[in-house]
Ligand SMILES: Nc1ncnc2c1ncn2[C@@H]1O[C@H](COP(=O)(O)OP(=O)(O)OP(=O)(O)O)[C@@H](O)[C@H]1O
Ligand SMILES: [Mg+2]
């Protein structure tokens, strides 16, 4: 990798012990090594249960690895930090706070003066198309709008690294496409380093500079693919590119092969 790497996982292993009543724990990550360069957008694909969210939780500092190293700018990650933001599959908004108060929750909790964060939060409200909904409550919004609030909230503190766990997984196809385009636009202006988990190959091809495909559990990185399409990307143009079909087929093949392995019961 030419650019300096922000995040580095070096032979990371992670198991979870057996919960009460269960016989065996789960070996989730076997030997995962990956790097994120500064400003890079990387998508992580893999079968359900292979450990994608676990990787995000490790980088976020919510979980500790059993073996190997997880480095941020060359230093071991020991816990959560403000330079790493997370967006979950469900928007997890505070139901009793307005859209604006949800978005500004972090800086307000940190005791920042409104003059410091309000101009930027108004910018995100506009970027996310929420300027007319700033005083609405979460229950007055559609699912896609709620996810836009969650995105704005994660982006407002200007994290250096955004960890996104299937953020558009619960949205309908049209809203999802609109959100992908929006994310792409905002990312072009901020150049935040992003690690984005998805099950959707088209989504990964539209968003990512690089795609990492994980194997079935216990997981390692099975395949890496540099997405060759120039930016800015147009989803309609991309799917008619002569290279698109073959690349999509290659990834789908890998995803389906690993998903089939994941469905075979582990030996007793
Ligand atoms: N805190 C935890 N305690 C015990 N087991 C856990 C914990 N977190 C994850 N696991 C187990 O680790 C495995 C991987 O979970 P993870 O959520 O990382 O998968 P995933 O790849 O994100 O799956 P999906 O695509 O369905 O979201 C699963 O078997 C899960 O049960
Ligand atoms: Mg997950």
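Which percent, nearest 5, of DSSP beta bridges in the chain are antiparallel?
Working: 20 of 38 bridges.
Around 55 percent antiparallel, to the nearest 5.
Round to the nearest 10 and give me the degree value, 0 to 90, for the angle of helix 244-263's Cα axis relative to the longest principal axis of the chain.
Once rounded, the angle reads 70 degrees.
Starting with the fewest neighbours, write out 142, 5 ranked by other beta-carbon atoms found within 10 Å of each beta-carbon. Display every interim value, and only then the final one.
Values: 142 11, 5 17.
Listing 142, 5 from fewest to most nearby Cβ atoms yields 142, 5.
Would you please classify the overall shape of the range 1-150 from the alpha carbon gyration tensor, given that a ≥ b ≥ c denote the square roots of the eigenvalues, rounded means a/c under 1.5, and beyond that prolate means a/b larger than b/c while oblate covers the rest?
Prolate shape, in that a/c is at least 1.5 and a/b is the bigger ratio.
Return one number: the angle in degrees, 0 to 90 and rounded to the nearest 10, between the long axis of the Cα atoms of helix 173-190 and the longest principal axis of the Cα atoms of the chain.
In the chain, helix 173-190 runs at an angle near 80 degrees to the longest axis.
For q values of 0.09, 0.14 Å⁻¹, compute log₁₀ I(q)/I(0) with the Debye formula on a Cα-only model of the chain, without solvent.
-0.43, -1.04
Can you compute the radius of gyration and Dmax for the range 110-154, using only the Cα atoms, both in Å?
11.0, 31
What is the spread of the Cα atoms of the range 110-185 along each of their three principal axes, largest first, in whole Å?
Sorted from largest, the Cα extents of the range 110-185 read 39, 29, 20 Å.
Which of 119, 19, 138 ends up with the largest GNM mean-square fluctuation for the chain, with Cα atoms connected below 10 Å?
Result for the chain, Cα springs under 10 Å: 19 fluctuates most.
Please rank 109, 207, fewest neighbouring Cβ atoms within 10 Å first, as an exposure proxy.
Working: 109 8, 207 24.
Arranged by neighbour count, lowest to highest, 109, 207 become 109, 207.
Kindly work out what percent of the DSSP beta bridges joining two residues of the range 152-268 are antiparallel, to the nearest 5.
Numbers: 5 of 10 bridges.
Rounded to the nearest five, the antiparallel share is 50 percent.
When only C-alpha pairs under 8 Å and at least 6 residues apart count, what is the relative contact order of the range 1-144, in percent?
Values: 171 pairs, mean separation 30.3, N = 144.
RCO, the range 1-144: 21 percent.
Helix 143-155 versus the longest principal axis of the chain: what angle, 0 to 90°, nearest 10, using Cα atoms?
Tilt of helix 143-155: around 90 degrees.
Using all C-alpha to C-alpha distances in the range 124-264, build P(r) with 5 Å bins and read off the rounded percent in each one.
Once binned at 5 Å, the Cα pair distances of the range 124-264 give 2, 8, 18, 19, 19, 15, 10, 6, 3, 0.
Once every DSSP H run of n ≥ 4 in the chain is given -39500 (n - 2.57) and the sum is divided by its residues, what mean residue ellipticity at 222 nm do you get, rounded to the nearest 500 deg cm²/dmol? Intermediate values should be presented prior to the final figure.
Working: 9 runs with 97 residues, N = 268.
Helices in the chain give a 222 nm mean residue ellipticity of -11000 deg cm²/dmol.
Rank these for me by crowding, 105, 41, going from fewest to most other beta carbons within 10 Å. Intermediate values should be presented prior to the final figure.
Details: 105 16, 41 25.
Listed from fewest to most nearby Cβ atoms, that is 105, 41.
Laboratory data are not the source of any read-out in this text; all were calculated from the coordinates shown. On a predicted model such as this, the values are computed, not experimentally measured, just so you know. Quick reminder, even Gly has a Cβ in these numbers, built from the backbone with ideal geometry, and neighbours come from all protein chains shown.
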